[in-house]
Amino acid sequence: MSSKYPHLLAPLDLGFTTLRNRVLMGSMHTGLEEAENGYARMAAFYAERARGGVGLIVTGGIAPNEAGRVHEHGSIMVDQAEAMRHRPVTQQVHDEGGKIAMQILHTGRYGYHKKSVGASEIRAPINVMRPHALTHDEVLETIRDFATCAALAREAGYDGVEVMGSEGYLINQFIAPRTNTRDDDWGGSFENRIRFPIEIIKAVREICGPDFIIIYRLSMLDLVDNAGDLDQAVQLAVEVEKAGATIINTGIGWHEARVPTIAMMVPRAGFTWVTKTLKETLGDRVKVPLVTSNRINTPEIAEMVLARGDADMVSMARPFLADSDFVQKAIEGRSEEINTCIACNQACLDHTFVGKVCSCLVNPRACHETELNMTPAATKKKIAVVGAGPGGLSCATASAECGHKVTLFEAADDIGGQLNIARRIPGKMEFNETLRYFRNMLKKFGVELKLGHRVTAAELLAGGFDEVVLATGVKPRIPNMPGIDHEKVLTYVDLVLKGKPVGQKVAVMGAGGIGYDVSVYLSDFEDDAHENPTTFAAEWGIDTSLEEKGGLIPDHEPEKSKREITLLKRSKNKFGATLGKTTGWIHKVTIDQRGIEKIGGVSYEKVDDQGLHISVKGESKVLDVDNVVICAGQTPNRDLQEELEQGGAKVHLIGGADEASELDAKRAIDQGARLAVTF
C-alpha cells in the first residue's frame, strides 16, 4: 500500500461490515439505467470501478414509485422483477471485491412528468410542471414505498441504500420552509418537517435489518433562500443517526441554486469546510461516519481533507468517470497516471440532462466499457498523427496502447493545441491536469513525439505510414470588414495564448463559448477565488458561518469588472443559448454580475481610430474602445489533406480539422479514441 495516502486508504469499520478504504464513489445517473442492454452495461461500468479499488459505490438514483421518477420513463424499483434486473450489477461488483449501495431518489417537484408531487403545490423554477401536494395518506404511502424499494434493493444484492435527502429533491422539499407550507403533521415546526426523512430511515432500517448500510444524504448547505441553517443540520444529523443511518453523506446546494457547486471554477475541495463545521459542531453527539464531497479530484486533495479532519470519508463521483483505476493507482503510487476529472460537465451532466448516456470528456470509455476498449491490434501499423491537441493526443496514445508504432507531429513547442488557450481562462486551469495525463501516456506507450516540427505532406508520404491522422485543429475565422487589420483588433489567440496587451475598454465580437471565456478572462479579478474556498465563498455570497437560512449572505453585491467590456453578437436569440446545459448558466450569471454590457442583433461596419462601428436595429453607433477581440468562430485547418490524398495516403480527419464549430475537446478526444481502435 502506498504510504502517501494513509488516511484515504485506511479501512472503515461500520460495525457489521468494513469498507476497504475511505473512498465513496458518489451517485451519478448515467443514463444506462434506461438504455438498451443497460443493466449489462451498468454491470461492466460498476465492476470496473470495484476492480479499481473503490471502497463503496453508490448507484445513480432509482425511484421508489412512479411519482418519484426523474422523467416519465425514469428508473424505478417497485417489484421483484425489476430487482432481479439489478442482480448482474451487484454480482459483478461483488466478484471484484467491491461493495455497492443503491440510491433511492424521489425527485418530488423536480420530476419532469405529469405525476410529480411535492410537500406543497409550489412549482420549481427549473421545471414547468406544478407538483401535486401529497396528502397525509400519500406521505405515509411514500414512506412505505421507500422501505419497499430498500427491501427490493437488498434482494437484488445491494449492500445498502442511500436515501437521497438533499439537492432539493422530495425529502429536502419537506424539510425546507421554502417548499413546505403545510399545516399538518408534516409541516410547520422544524420537528414536523423532518419527520418525513426520519420515518423513512426508520422504515428502511426495520425492513432491511441491522446488517444493511443506510446512507443518508443530508443537505448541509442549501444555497437557496428560506431553507436550512447549521443548527438545523446538526439537529437533523442527530435524529438521522438515531433513526438508524450507518453513514451521513454531504449534500451541497439545490439544483435551482444560483451558486456553482461542482463546476470547474469551484476550488478543489471547495465545500469540505461545510462538513468540517458540522463535524466540529456535532462533537460526539453523532458517531456514524460523515462523508464530504464536491470537487475532490486527486488522491492528494482527498488525503489532505481527511488528514485535517474535515470528514471521515470522501465522496468522489465524476473522478471515477475520468479514471476507473483512481484508487488502485493511488495504492500503487502511480497518481501521475490518473486521468483527472476536470469538472467540465460536458459529457456527464450535460448528457444526463438531455437524456443521453453519460460519459466523460477526458475518458470516452466511461459508460461505454462494453464497446470501446484499447485491446492489442491484430496487425501492428505505422501511424502518423499530425497535431497534438486533444484529438491528436487521444488518437496517438490510444493507437500506441493498441500496439501500433505512432509518431506524433506538433508544430508548436508543446502539446495541447487549443487546450493551451482553455487552461489560461480563469476557472479552467484543470485542463493542465489533462495535459499532464497525456504527457505521461505518451511516454508510457512509447509515442514518438516531434515538437516544433511542422511536418509537410511530402515528409509524411515518404515516411511509409499506413495511416495518417490529421488533428490539425482550427484557425480563427476573421470577419471580412473594413479595418479588420487595425491595430486595435486582436484575435482570441492573440489575447489569451500570445498575451498581447489590451486596454480598459474592450469589445468582444462573438458570444459563443469563446466569447464568454474571453469576457471572463478580461473581467477577472486576479484573486485566488478559483483555488481558495474562502475567496470563492466571498465572491458568490456564501455565508461561511452557516447561520443564515440557506447559507446565502443577504443583499450580497458582486464585484464589478474593472474593465468596460461589451459582448456583441450578430444573432437576435438569447445570449448564452449555445453554452453547456449545466454550466452555461454560471457563465451567464458571471457576465451579468461583473456588469458586462451585452448587445445582440449587431451588424459590424468597420474598425478605425474612433473604435468599433456597429449598427443595431438600423441605428449606427460607435463603440469607443481600446481594443476589439475577435471571437467569431473557427475554420478547419486541412492544409495537408489534398496533397496527402493525391499522394495515395490513407487520411483521417478528427477534431477541429474534421468539424470546426465551437472548440469541442469532448468530440475530439472521443473521435481520436474511437478511430484508434479501428486501425
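The values are calculated or read from the model by the stated rules, or taken from the named source; none is laboratory data. Quick caveat: nothing in here was measured; it's all calculated off a predicted structure. Quick reminder, even Gly has a Cβ in these numbers, built from the backbone with ideal geometry, and neighbours come from all protein chains shown.
Scan the stretch 297-314 residue by residue and report those that are more than 19 Å from K329 (Cβ to Cβ) and in a loop (DSSP other than H, G, I, E, B). Residues satisfying the conditions are R308, G309, D310, A311, D312. Pairs meeting the criteria (first residue in the stretch 450-467 and outside any helix (DSSP H, G or I), second residue β-branched (V, I, T), beta carbons under 8 Å, at least 6 apart or on different chains) are K450/T407; L451/I415; V455/V386; G463/T407; F465/I383; F465/T407; D466/I383; E467/I383.
Scanning the stretch 617-658 for residues that are under 25 Å from the mean Cα position of the chain (by Cα) and over 25 Å from V520 (Cβ atoms) yields a single hit, I654.
Restricting to the stretch 118-141, name every residue that is outside any loop (DSSP other than H, G, I, E, B) and surrounded by fewer than 24 Cβ atoms within 10 Å (Cβ to Cβ). Those that are outside any loop (DSSP other than H, G, I, E, B) and surrounded by fewer than 24 Cβ atoms within 10 Å (Cβ to Cβ): H132, A133, H136, D137, E138, V139, L140, E141. If you filter the stretch 420-439 down to residues that are part of a helix (DSSP H, G or I) and β-branched (V, I, T), you find that the one that is farthest from N339 (Cα to Cα) is I421.
Could you check, for the stretch 278-290, whether at least one of its residues is closer than 21 Å to E548 by Cβ, hydroxyl-bearing (S, T, Y) and under 17 Å from the mean Cα position of the chain (by Cα)?
Narrowing the stretch 278-290 to residues closer than 21 Å to E548 by Cβ: 278-282.
Still in the list and also hydroxyl-bearing (S, T, Y): 281.
Checking which are under 17 Å from the mean Cα position of the chain (by Cα) leaves us with none.
The answer is no, given that none of the residues of the stretch 278-290 is closer than 21 Å to E548 by Cβ, hydroxyl-bearing (S, T, Y) and under 17 Å from the mean Cα position of the chain (by Cα).
Among residues of the stretch 105-117 that are among the basic types (K, R), those with a Cβ under 6 angstrom from a residue that is assigned to a loop (DSSP other than H, G, I, E, B), sequence gap 6+ or separate chain, pair up as R109/S116; R109/A124; R109/P131. Somewhere in the stretch 260-270, is a residue of a type outside the set (K, R), crowded, with 24+ Cβ neighbours inside 10 Å and within 30 Å of A676 (Cα to Cα)? Within the stretch 260-270, not a single residue is of a type outside the set (K, R), crowded, with 24+ Cβ neighbours inside 10 Å and within 30 Å of A676 (Cα to Cα).
Each row is one residue, and each column tells you yes or no for (1) assigned to a strand (DSSP E or B); (2) within 28 Å of N420 (Cβ to Cβ).
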| position | (1), (2) |
| --- | --- |
| A507 | yes, yes |
| D517 | no, yes |
| T535 | no, yes |
| P554 | no, no |
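Out of A311, A243, A317, A257, one residue alone is small (G, A, S), closer than 28 Å to R109 by Cα and over 20 Å from the mean Cα position of the chain (by Cα). It is A243. For the stretch 180-188, does any single residue satisfy the condition of being under 27 Å from I57 (Cβ atoms) and surrounded by fewer than 24 Cβ atoms within 10 Å (Cβ to Cβ)? No; the residues of the stretch 180-188 include none that is under 27 Å from I57 (Cβ atoms) and surrounded by fewer than 24 Cβ atoms within 10 Å (Cβ to Cβ).
Taking the stretch 539-578 as the search range and keeping residues that are hydrophobic (A, V, I, L, M, F, W, C) and surrounded by 19 or more Cβ atoms within 10 Å (Cβ to Cβ), which one is farthest from H613 (Cα to Cα)? It comes out as L546.
Can you say whether V508 is within 18 Å of P636 (Cα to Cα), at pLDDT 95 or above and out of contact with any Phe, Trp or Tyr (no Cβ under 7 Å at 6 or more places or on another chain), as far as the supplied structure shows? Break it down into steps so the answer makes sense when it comes.
Working: within 18 Å of P636 (Cα to Cα): no; at pLDDT 95 or above: yes; out of contact with any Phe, Trp or Tyr (no Cβ under 7 Å at 6 or more places or on another chain): yes.
In short, no.
Among the residues of the stretch 361-372, is any closer than 30 Å to F525 by Cβ and in contact with a strand residue (DSSP E or B) (Cβ under 8 Å, 6 or more places away or on another chain)? No, the conditions are met nowhere in the stretch 361-372. Report yes if G463 is of a type outside the set (F, W, Y), at pLDDT 95 or above, farther than 26 Å from L419 by Cα and buried (at least 19 other Cβ atoms within 10 Å of the Cβ), otherwise no. It is false that G463 is of a type outside the set (F, W, Y), at pLDDT 95 or above, farther than 26 Å from L419 by Cα and buried (at least 19 other Cβ atoms within 10 Å of the Cβ). Here R41 fulfils each of the conditions (1) touching a residue at least 60 places away in the same chain (Cβ under 8 Å); (2) in a loop (DSSP other than H, G, I, E, B) apart from (2). Between D159, D145, the distinction of being farther than 22 Å from A124 by Cβ, in contact (Cβ under 8 Å) with a residue 60 or more places away in the chain and under 32 Å from the mean Cα position of the chain (by Cα) belongs to D159 only. Beta carbons closer than 7 Å, at least 6 apart along the sequence or on distinct chains, pair a first residue in the stretch 514-534 that is over 25 Å from K598 (Cα atoms) with a second that is in a helix (DSSP H, G or I) for D528/T535; P533/W273.
To keep it simple, each residue is scored yes or no on (1) modelled with pLDDT of 95 or more; (2) buried (at least 23 other Cβ atoms within 10 Å of the Cβ); (3) among the acidic types (D, E); (4) within 19 Å of I214 (Cα to Cα).
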{"site": "L8", "(1), (2), (3), (4)": "yes, yes, no, no"}
{"site": "L32", "(1), (2), (3), (4)": "no, yes, no, no"}
{"site": "E48", "(1), (2), (3), (4)": "yes, no, yes, no"}
{"site": "V54", "(1), (2), (3), (4)": "yes, yes, no, yes"}
{"site": "T59", "(1), (2), (3), (4)": "yes, yes, no, yes"}
{"site": "P64", "(1), (2), (3), (4)": "yes, yes, no, yes"}
{"site": "A83", "(1), (2), (3), (4)": "yes, no, no, yes"}
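What is the one condition in (1) of a type outside the set (G, A, S); (2) within 27 Å of N363 (Cβ to Cβ); (3) within 26 Å of the chain's Cα centre (by Cα) that H94 does not satisfy? (3) is the only condition that H94 fails.
Taking the conditions exactly as written (in contact with a Phe, Trp or Tyr (Cβ under 6 Å, 6 or more places away or on another chain), at pLDDT 95 or above, surrounded by 15 or more Cβ atoms within 10 Å (Cβ to Cβ) and of a type in the set (D, E, K, R)), does E401 satisfy them or not? Yes.
Within the stretch 178-219, restricting attention to residues that are of a type in the set (D, E, K, R) and part of a loop (DSSP other than H, G, I, E, B), the residue that is farthest from K99 (Cα to Cα) is D183. Can you pull out every residue in the stretch 211-232 that is surrounded by fewer than 22 Cβ atoms within 10 Å (Cβ to Cβ) and under 26 Å from the mean Cα position of the chain (by Cα)? If the condition is that a residue be surrounded by fewer than 22 Cβ atoms within 10 Å (Cβ to Cβ) and under 26 Å from the mean Cα position of the chain (by Cα), then D225 is the only one that fits. M1 fulfils the conditions (1) modelled with pLDDT of 95 or more; (2) assigned to a loop (DSSP other than H, G, I, E, B); (3) among the hydrophobic types (A, V, I, L, M, F, W, C) except for a single criterion, (1).
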